[in-house]
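Right, one structure below, let's go through it.
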Amino acid sequence: MAQEKPDSVVRLLSCALHRIRTTPPRVIASPATQPRRAAVAIIIRVVPPPNTIPVAADTPLPTLNQFFELDWVKDPLACPEFLLLRRDGAGPSDAVPGRASAFQNFTGDGTWKSSGKAGAHVAFPGGRTEEGDEGGLYTAMRQTWEEIGLDLAERDFLCIGQLDDREITTSLGKRLLMILSPFVFLQLTPNPLPTDPTDGTTIHWVPLATLASAVLPGHIGDKMNAKSRWSSVTVDAASRLTPRRAAILKILVRVLIGSMQFPAILLDLPESDAISGSSTGSPAALQNSRSYPPLTQDKLEKGFTATKPLSGKNRNKSRHQLKLWGLSLGMTLDLMATMIPPTSLPSPAGLNKQPTSQDLHKVALPSLHLPFHPVGGEGMRIDAVAPSLASVFPRFSYPDVNFWIWVFGKRYREVVRGWEASVRDGGSNVRRVNWSGTALNTFYAAVRKALLVVLVLRAVGVLVGLVFAGWWVFA
């Protein structure tokens, strides 16, 4: 019987899903002034190794505990994956109301992205809650069915639970747009399921190992064979702070403030030769296949047969790189944070007595390995208490803007330290208090003050320069 490695991705995934299953999410109630909500589906499957014996359709479905004891799941060649969508050319002007495309172009701070290559970014299936939806779970399942033709209500899937709600705001966090709820689903069967994505939508199954190597702590991530690397996405700050048609004002603000950089993970995925849209493959053919290697599943879902891996220069032509960032990266990091094995608290001085609050503060919080820190948050454990927030706080291209954010970020740092203390103590405030919303509000309050000071100083500098130039000319 094949046994999984101690730190295999399947083992870490089991730890994560059991933790999500037993941990109640932090639910944010919609205020009366903004009742709009949205939901997304994080769909996970385990790809069986080649030559796996097909499972009969009438086989009883396993429970969550039984699933990770199945031979094809515990096999060292099994590959856990999660589903991402690439929507080609979907921008703010052509977003379909009610679908995930209506908010997929939001960055981490809830504002629209301004990248010219919209197709280079990926997101989870989902969309806005519509009238008649029974709740966020129903919204996530309905939107997934409408967008990619995958029915999460079928017996093949199990809803594991929900991650914490998160707030989506306008530019610089001044106004709440909606509350977003992520739900996690697990496919319990090894057989591939047919999909029917809408026009302009491409499905990508991303191996969890590629992300684990980038974000999990070194003693775990370094053991993963698949590798991914960190990158960044540059967003024009002027597009967030000025009216859409004010071209001259945009240029002026762009010169004075610069741009914002958001962290991103660069995913190296196989390139599909099919046109985005409905799948042309036969569902029967998909269900009769014994296994589906992760490098060929994209082609199988588009009706193409598997091809041998290319080598040399042709390999680069058959693959392309996608960027995972903003809201999608934040939810992914929250999922990956649950994969870190919990650390036990040692007894003080080796004695069998209850640890004190001072002992709790000496314990290192388990956290992801993130190569970046929010502006003004250096030295704080924002990556331990809320890794998703560490991915959505921007860093400006001008150093003085970052400096003034640090100057006005005292309240933000106090909130994060209070959050960290609450997590260490294990008190009820971790779930009762909206720490993430408070941290976002205080951070963007510091950003607004910093931008105002920078603009005033720039204006004063220009005025002084003009006065000096006039004096030098006429003197």
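The values are calculated or read from the model by the stated rules, or taken from the named source; none is laboratory data. Because the structure is a prediction, the values reported are computed rather than measured. Note that we place each Cβ from the backbone using ideal geometry, even for glycine, and neighbour counts take in every protein chain shown. With ligands, DNA and RNA removed, areas are computed over all heavy atoms of the protein, side chains included. Shrake-Rupley method; radii C 1.70, N 1.55, O 1.52, S 1.80 Å.
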Open to solvent by 20 Å² or more (accessible area, probe 1.4 Å), touching a helix residue (DSSP H, G or I) at 6+ places or on another chain (Cβ under 8 Å) and among the hydroxyl-bearing types (Ser, Thr, Tyr) - does that describe any residue in the stretch 390-407? yes
Selection from the stretch 166-182 of residues that are open to solvent by 30 Å² or more (accessible area, probe 1.4 Å) and among the hydrophobic types (A, V, I, L, M, F, W, C): Leu176
What are the pairs with Cβ atoms under 8 angstrom where one residue, in the stretch 213-236, is open to solvent by less than 30 Å² (accessible area, probe 1.4 Å) and the other, located anywhere, is at pLDDT below 55 and in a helix (DSSP H, G or I)? Sequence gap at least six, or different chains. Ser213/Gly221; Ala214/Gly221; Val215/Gly221
Tell me, which residue of the stretch 114-143 that is of a type in the set (S, T, N, Q) and modelled with pLDDT of 95 or more is farthest from Leu269 (Cα to Cα)? Thr139
May I ask you to list the residues in the stretch 238-261 that are open to solvent by less than 60 Å² (accessible area, probe 1.4 Å) and within 17 Å of Leu457 (Cα to Cα)? Val253, Leu256, Ile257, Gly258
Is it the case that the stretch 179-201 has a residue that's closer than 24 Å to Asn441 by Cβ, among the aliphatic types (A, V, I, L, M) and at pLDDT 85 or above? yes
Over the stretch 143-179, the set of residues basic (Lys, Arg) and within 22 Å of Asn191 (Cα to Cα) is Arg155
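Mind counting the residues in the stretch 130-160 that are outside any helix (DSSP H, G or I), among the charged types (D, E, K, R) and open to solvent by 50 Å² or more (accessible area, probe 1.4 Å)?
Number satisfying all stated conditions: 6.
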Out of the stretch 232-255, which residues are under 20 Å from Trp325 (Cβ atoms), among the small types (Gly, Ala, Ser) and not in a helix (DSSP H, G or I)? Ser232, Ala237
Test: Arg413 is under 18 Å from Ala386 (Cβ atoms) and either modelled with pLDDT of 85 or more or open to solvent by 20 Å² or more (accessible area, probe 1.4 Å) (or both): yes
Reported set for the stretch 402-421 where residues are more than 26 Å from the chain's Cα centre (by Cα) and not basic (Lys, Arg) is Phe403, Trp404, Val407, Phe408
Check the stretch 184-203 and report whether any residue there is among the hydroxyl-bearing types (Ser, Thr, Tyr), more than 18 Å from Arg128 (Cα to Cα) and part of a strand (DSSP E or B). yes
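Let's see how each residue does on (1) open to solvent by 40 Å² or more (accessible area, probe 1.4 Å); (2) within 28 Å of the chain's Cα centre (by Cα):
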| position | (1), (2) |
| --- | --- |
| Arg37 | yes, yes |
| Ile44 | no, yes |
| Ile53 | yes, no |
| Ala56 | yes, no |
| Phe67 | no, yes |
| Leu70 | yes, no |
| Lys74 | no, yes |
| Pro80 | no, yes |
| Leu83 | no, yes |
